[in-house]
Amino acid sequence: MTTEQQPRAQWLGRWGFVLAATGSAVGLGNIWKFPYMTGEHGGGAFVLVYLVCILAVGVPVMMTEIAFGRRGRGSPIDAVRRVVTESGRSSAWSLLGWMAMLCGFMILSFYVVVAGWSFSYLWKMLSGGLNGSGVDDMVAIFVANNENPFNLGFWSTLVTLATMLIVGKGVQAGIEKSVSWMMPGMVVMLLILIGYGVFSGGFGEAWRFLFSFNTGSLSSEGMLAALGHAFFTLSLASGAILTYGSYLPAGASIGRTTFSVAIADTLVALMAGLAIFPIIFANGMSPEGGPGLLFMSLPLAFQAMPLGTLFGILFFVMLSMAALTSSISMVEATVSWLVDNKGITRRTAAWGTGIVLWLVSTLAMLSFNLGADWTLAGRHFFDWLDYLTSRWMMPLGGLGMVLLAGFVLKSESFREELGLAPYWHALWLFMVRYVSPLGILVIFVDALGIARLEFGVHWPWLLAVLALITLVGELLSPRLRRTLAG
Ligand code: TRP
């Protein structure tokens, strides 16, 4: 049960949660990483594996997070604590909430730097600062943009300010209002860019690159990439989705909303591929990975095309919006925790968080210039933030949540909260108990480099392992529950 002193904010409209959560999920991961990974790892075959990963790992974990948020009606820390104490378990589990909140804050600290690239390129497009005739010029512009700490810092500060301005206004007046025009706006811009691509001459090649079924190039490495990306692209285990879930009205179906978000996120990723690659191919360029694709190849391609500057501006407006709707979700966990626990107003909480964020992100920004030599074990501060969050905190947090929901907590809590038909509930339970944890463990083991996983051609083995784990888990689970009881 939730013990509320004051009523918690809720989304105003039916689509408030879906738009906000989709805004969180759709980010640089969709527009830049996914299209490139798809081309690299075998087109249609990769898309298919990715969809399986979204269904087997992404959707069950997301449903669990939203259920935690709505049942606990609070920031990750408070929500997890309430849900575990309701089941009579140790409140030490709220450490999971702490980790999620910290994870969101850490991701944001380097994300604002990347979002700053997008904002600065929008400005360059507008002001004609991207004139150059070859790849070398583009590389020089990118390097120069990073080299000056005042320049790079200006743009990341701008992103921080915009984020805090929106979050400070509140759930309905800030977050919901901004995503309700930014998300549709983004989709319209993507459609226009796809239309532009159709006439650019490279559309057919882009379509083949993305969708032709090329099983030969789908390696186990590609499958692992799909699995890891399913986790990242849905913004899981970083406090964002859980906190947004805490504002979900009681009557909304968690299963249905989760599917809407997952489908919208995937569609935007595919659309981004269909917008970017025609422009790249029409100019005879190759689809490279890394920052080069968005910040070097694409600006160069736009320059060579009719009305290129106009569409280039459109592209970077779209990218900046995608980044902003993600960044507001990353900070919401922290802000809502401060508001609930420290007796301060949302505005004060937002600006206070903003100042700390600005300090940490400035340190991350300096990795590209003044602090180029400040490394620890071969990593810059920027890289450390990325590494710790994506390799450790997100998988660990996700694993903790599903195991908690699957084995430790009272099954009635989730039965009530999810409100699924019995067979769907059984499927969800099977997923969070066995399939999702196995998927997350696979990411983990591979990321840690403990073992080189090669399971591409060994599907029967993978299924056998899953069956074994299921059997052992079902035999042990009542005992497991008693042992883990706090
Ligand atoms: N999903 C975002 C993207 O695809 C990235 C992301 C990861 C994120 N974790 C997050 C966004 C937490 C918001 C909150 O780019």
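Structural remarks
- With respect to the conditions (1) open to solvent by 30 Å² or more (accessible area, probe 1.4 Å); (2) farther than 21 Å from Met186 by Cβ; (3) within 16 Å of the ligand (Cβ to nearest atom), Arg89 falls short on a single one, namely (3).
- Out of Arg70, Arg82, sole residue that is in contact (Cβ under 8 Å) with a residue 24 or more places away in the chain and either under 15 Å from Leu236 (Cβ atoms) or open to solvent by 20 Å² or more (accessible area, probe 1.4 Å) (or both): Arg82
- Selection status of Gly39, within 16 Å of the ligand (Cβ to nearest atom), modelled with pLDDT under 95 and assigned to a helix (DSSP H, G or I): no
- Within region 334-364, if we keep just the residues that are of a type in the set (Gly, Ala, Ser) and farther than 24 Å from Trp155 by Cα, the residue that is most open to solvent (accessible area, probe 1.4 Å) turns out to be Gly343.
- Test: residue in region 64-71 that is assigned to a helix (DSSP H, G or I), within 15 Å of the ligand (Cβ to nearest atom), under 21 Å from the mean Cα position of the chain (by Cα) and among the hydroxyl-bearing types (Ser, Thr, Tyr): no
- Answer residue from region 279-295, given it is in a helix (DSSP H, G or I) and under 24 Å from the mean Cα position of the chain (by Cα) and is surrounded by the most Cβ atoms within 10 Å (Cβ to Cβ) among those: Phe295
- Within region 365-419, restricting attention to residues that are β-branched (Val, Ile, Thr) and open to solvent by less than 30 Å² (accessible area, probe 1.4 Å), the residue that is nearest to the chain's Cα centre (by Cα) is Thr389.
- Of the residues making up region 265-278, those that are open to solvent by 30 Å² or more (accessible area, probe 1.4 Å) and either in contact (Cβ under 8 Å) with a residue 60 or more places away in the chain or more than 30 Å from Ile54 (Cα to Cα) (or both) are Leu270, Met271.
- Residue check for Ile166: modelled with pLDDT of 90 or more and farther than 25 Å from Thr266 by Cα: yes
- Scanning region 444-465 for residues that are modelled with pLDDT of 75 or more and open to solvent by 30 Å² or more (accessible area, probe 1.4 Å) yields Val445, Leu463, Ala464, Val465.
- Any chance Ala162 is closer than 18 Å to Met285 by Cβ, surrounded by 19 or more Cβ atoms within 10 Å (Cβ to Cβ) and within 28 Å of the chain's Cα centre (by Cα): no
- Which listed residue is without any contact (Cβ under 8 Å) to a residue 60 or more places away in the chain, touching a helix residue (DSSP H, G or I) at 6+ places or on another chain (Cβ under 6 Å) and of a type outside the set (Ser, Thr, Tyr), from Trp98, Trp123: Trp98
- Subset tally (residues that are within 12 Å of the ligand (Cβ to nearest atom) and assigned to a helix (DSSP H, G or I)) for region 13-34: 13
- Taking the criterion of being open to solvent by less than 10 Å² (accessible area, probe 1.4 Å) and among the hydroxyl-bearing types (Ser, Thr, Tyr), the only residue of region 298-322 that qualifies is Ser320.
- Restricting region 107-147 to residues that are of a type in the set (Gly, Ala, Ser), more than 16 Å from the ligand (Cβ to nearest atom) and in a helix (DSSP H, G or I), the residue that is nearest to Met318 (Cα to Cα) is Ser120.
- Qualifying residue in region 94-104 (condition: modelled with pLDDT under 90 and either more than 16 Å from Ser235 (Cβ to Cβ) or surrounded by fewer than 18 Cβ atoms within 10 Å (Cβ to Cβ) (or both)): no
- In the set Ser220, Ser212, Ser235, only one residue is farther than 19 Å from Val83 by Cβ, polar (S, T, N, Q), more than 16 Å from the ligand (Cβ to nearest atom) and out of contact with any strand residue (DSSP E or B) (no Cβ under 7 Å at 6 or more places or on another chain); that residue is Ser220.
The values are calculated or read from the model by the stated rules, or taken from the named source; none is laboratory data. The structure presented is a predicted model; accordingly, all values stated were derived computationally and were not measured. All Cβ positions, glycine included, derive from the backbone under ideal geometry; neighbour counts span all protein chains shown. Accessible surface is based on the protein model in full, side chains and every heavy atom, while ligands, DNA and RNA are left aside. Shrake-Rupley method; radii C 1.70, N 1.55, O 1.52, S 1.80 Å.
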